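Reading through the structure tokens given below for one structure.
Here, each number is a calculation from the coordinates, and none is a lab measurement. Everything quoted here is computed from the prediction, not taken from an experiment. Ideal geometry is used to build each Cβ from the backbone, glycine not excepted, and the neighbour counts take in all protein chains shown.
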Ligand code: NIG
Ligand code: FE
């Protein structure tokens, strides 16, 4: 056991509701505070003096500066296993071509698939680690990583194995998701539903047997997989015991309804969601994940985060780091920008990248500083936690603890 402190402020983000709006008045701030940690977990959070009095013989990890402590961030949607660059697509987009036009001309996701297929497993591990360590240095202690740039049996398995190996070496926990249903690969002989059948028959059993992932994703969109084929696919995957998540309502609506109908843990993107979709998500247990990095990357509207919260939904925010639509990979910056445009309270934005984002990964053991939770913590060089979002990501954490150990 050890006591870490004193921190000028601790913002535990504990005991807050999972769904709906959050007012900053309800946010607890503990001043001159400490955390009691045993091995990987938090035992108690209180004022430093009280912890010291109660646990007299316990060693202290002394904090000498004025620091504000918050839970580690959870980036619940990334595609950081890829090779190559899509700078050419970017140049075309800012000259007026749309994401979909570029994809139809052979660029887009397919471009990255071709480049990623050429790369060895060890090179993939290296590229994941490089990006995961950058996210970690900016406070993300849990990072979801999707496959989806292999789109054939061996390449998808190579990516999932690379994510598993990278997880052994990374500072953050990496949670993998199979996104073999990203788009219909141009070299597959068969239609959409043949391809989804192939995933179920050839890929899913191996993933299950080798425990390569516990989650499946699908891109539901007119240019990717249609609602009618997506639903039976997701139902079969769910029956096999996997958690579901959906790339939904990015350009056109429909995906969010698929996600809710199939009981997905999250529906991500939602830039095109309207009143109907918002109401549906709000009534459900499906987490609505906003990806402001994709809006910024593509010059598209932001996810209606304010409306989702007002309607009662659970809102998370993730970086979507990928080479096409969201190459920035800076979660805190993106969350702060979305907050400014959508008028999110600081509690809503911080919750969306901590305990609410954990929900999108079906995790309840992290994302808050409370007894029993994993001691994933980050401290910022300020005596006012509001500085963290105010500086829009330019203030970085100066100390990060993963499972109670300072990294
Ligand atoms: O979340 N929309 C689909 N997938 C990714 C983009 C992938 C890419 O363009 O390479 C996304 O935006
Ligand atoms: Fe994505």
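A full extension of the chain between residue 133 and residue 60 corresponds to an added length of 23.5 nm, given 0.36 nm per residue minus the alpha carbon distance.
For helix 108-117, what angle does its Cα long axis make with the longest principal axis of the chain, in degrees from 0 to 90 and rounded to 10? With rounding to tens, the tilt is 80 degrees. Within the chain, what percent of beta bridges assigned by DSSP are antiparallel, to the nearest 5? Restricted to the chain, the bridges split so that about 40 percent are antiparallel. For the range 74-360, a Kirkwood radius taken over Cα pairs fed into Stokes-Einstein (10 °C, viscosity 1.306 mPa s) yields D = 86 µm²/s. Legend: ranking of residues 51, 332 from fewest to most surrounding C-beta atoms inside 10 Å; resulting order 51, 332.
Run the numbers for residue 47 and residue 226: contour at 0.36 nm per residue of separation, minus the present Cα-Cα distance, in nm.
59.1 nm
Taking other C-beta atoms within 10 angstrom as a stand-in for reagent exposure, 76, 178, 262 fall in the order 262, 178, 76, fewest first.
Computed from label points 7 Å out along Cα-Cβ, the spacing between residue 276 and residue 28 is 4.3 nm. Descending by average beta-carbon neighbour count within 10 Å, the peptides 18-25, 213-220 line up as 213-220, 18-25, the highest first. Working note: 222 nm ellipticity from helices only, DSSP H runs with n ≥ 4, each -39,500 (n - 2.57), summed and divided by the residues of the chain, gives -10500 deg cm²/dmol to the nearest 500.
Computed from the alpha carbon positions, the gyration tensor of the range 24-103 leads to an equivalent ellipsoid with semi-axes of 49, 16, 12 Å, biggest first.
Across the range 349-398, the relative contact order, built from alpha-carbon pairs under 8 Å that are at least six residues apart, equals 23 percent. Take residue 362, project a point 7 Å from its Cα along the Cβ direction, then tell me which residues of the range 177-203 have their backbone nitrogen under 15 Å from it. Residues 177-179 qualify, since their backbone N sits under 15 Å from the label point. Give me the percent relative contact order of the range 74-360, please, defined on Cα pairs under 8 angstrom at least 6 residues apart. Across the range 74-360, relative contact order equals 17 percent. At full extension, residue 343 and residue 209 could sit 43.7 nm farther apart than now, given 0.36 nm per residue minus the alpha carbon distance. Ranked for footprinting exposure by Cβ neighbours inside 10 Å, fewest first, 347, 137 give 137, 347. Between residue 188 and residue 88, the simple spin-label model (points 7 angstrom out along Cα→Cβ) gives 2.4 nm.
Tell me, rounded to the nearest percent, the portion of alpha carbon pairs in the range 280-407 spaced more than 17 Å apart. When every Cα pair of the range 280-407 is considered, 60 percent fall beyond 17 Å.
Taking the three principal axes of the alpha carbon atoms in the range 187-232, the coordinate ranges are 32, 21, 18 Å, sorted in descending order.
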